[in-house]
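The values are calculated or read from the model by the stated rules, or taken from the named source; none is laboratory data. If you're wondering where the values come from, they're calculated on a predicted model, not measured in any experiment. Heads up, the Cβs are rebuilt from the backbone with ideal geometry, glycines too, and the neighbour counts pull from every protein chain shown. With ligands, DNA and RNA removed, areas are computed over all heavy atoms of the protein, side chains included. Shrake-Rupley method; radii C 1.70, N 1.55, O 1.52, S 1.80 Å.
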Amino acid sequence: MKKNDRYFHEEQLFCQNLQLGFLSPAYSNTSIFSVYQSPFGKLDLCARSENLIKLNKTSINFAGFYAAEDFLSGNQKNIKSQLQAKAGLHHTFIKCISQADKIIPLFINTGFNSYLQNDFLDNISIKSAFGLRCTSDTFTISLTASFTGDCMHKNTSSDKNTFTVSVWTIQTKEIFIFKDFKPTLTQTFNFSPSPQKEKNAASQKFSLTWIFPKNPYLAGNLGITLSQKNRISDKTAFSFGISASYYWKQIKCMAKISGKIQ
């Protein structure tokens with residue numbers, strides 16, 4: 001057998017899977033522990049745990065995943081040896097607005113999520129995001145700010161550990177709900193810094209989607225993407241699409257057209 005062969009050939013190998021779960025109004029947990037024997041006789045461990053704590057209008061979630069060695073999953077995906085950790089905090093505010101003889105509830109959700117991945121090769125990837133969303137019966141407005149970075153660990157005392165941010169992202173989205181019309185506006189701004197300023201890159205994407213939820217059902221989208229390198233325009237792209245469907249008795253007719261211009 002070749003050493004880099006990740007497939008399990010026909011032979012008897014040990015495998016044990018243990019799943020634990022706990023559920024209550026304030027806390028829930030799902031944990032899975034797997035011990036299996038590789039084709040080379042070694043016992044490997046894989047574990048995952050997901051937890052959720054609810055305190056009135058506040059929720060805290062944290063999860064972890066650990067794989068001692070590389071392995072091939074059931075869907076033929078090669079999972080690298082790694083340690084993952086994820087945590088989040090979310091809180092909901094409720095405010096009522098009086099309008100004429102009607103009281104409109106307003107839900108304000110805010111949250112923070114952070115994700116860490118260690119590949120055991122002196123490289124740690126970190127992703128963090130902060131979000132704010134305001135929802136009523138006629139609209140939803142959200143703001144998300146996130147960054148992705150890498151921390152390089154040096155084994156020698158002469159070299160310092162470094163942390164670099166590969167991309168900053170800010171996204172806003174506005175969803176409006178009318179009787180026969182539901183438009184959505186999305187704006188996304190990305191910035192990728194580089195140690196060499198002339199290689200700094202940025203991009204902006206603006207999109208509009210809409211839906212007419214009737215018969216015939218109509219949906220469409222328009223989008224424009226702009227990109228720059230070192231503050232100089234690099235690429236511009238336009239996209240569009242329209243789809244329609246119509247029910248006539250037991251027959252459904254559909255049509256769609258889309259395109260992209262660069």
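With the requirement that a residue be assigned to a strand (DSSP E or B), open to solvent by 80 Å² or more (accessible area, probe 1.4 Å) and free of Cβ contacts under 8 Å to residues at least 24 places away in the same chain, what does the stretch 170-205 give you?
Of the residues in the stretch 170-205, the ones assigned to a strand (DSSP E or B) are 170-176, 182-192, 201-205.
Now narrow it down to the ones that are open to solvent by 80 Å² or more (accessible area, probe 1.4 Å): 170, 182, 189, 191, 205.
Across the stretch 170-205, the qualifying residues are 189, 205.
For the stretch 214-262, name all the residues that are charged (D, E, K, R) and in a strand (DSSP E or B). Residues satisfying the conditions are 229, 234, 235, 252, 256, 260. Among the residues of the stretch 103-127, those identified as among the β-branched types (Val, Ile, Thr) and without any contact (Cβ under 8 Å) to a residue 24 or more places away in the chain are 103, 110. Which residues, counting only those in the stretch 206-220, are surrounded by 14 or more Cβ atoms within 10 Å (Cβ to Cβ) and over 22 Å from the mean Cα position of the chain (by Cα)? Those that are surrounded by 14 or more Cβ atoms within 10 Å (Cβ to Cβ) and over 22 Å from the mean Cα position of the chain (by Cα): 210, 211, 212, 217, 218, 219, 220.
Does any residue of the stretch 71-81 turn out to be modelled with pLDDT of 90 or more and not in a loop (DSSP other than H, G, I, E, B)? No, that holds for no residue.
On inspection, residue 95 does not qualify as modelled with pLDDT of 80 or more, part of a strand (DSSP E or B) and buried (at least 16 other Cβ atoms within 10 Å of the Cβ).
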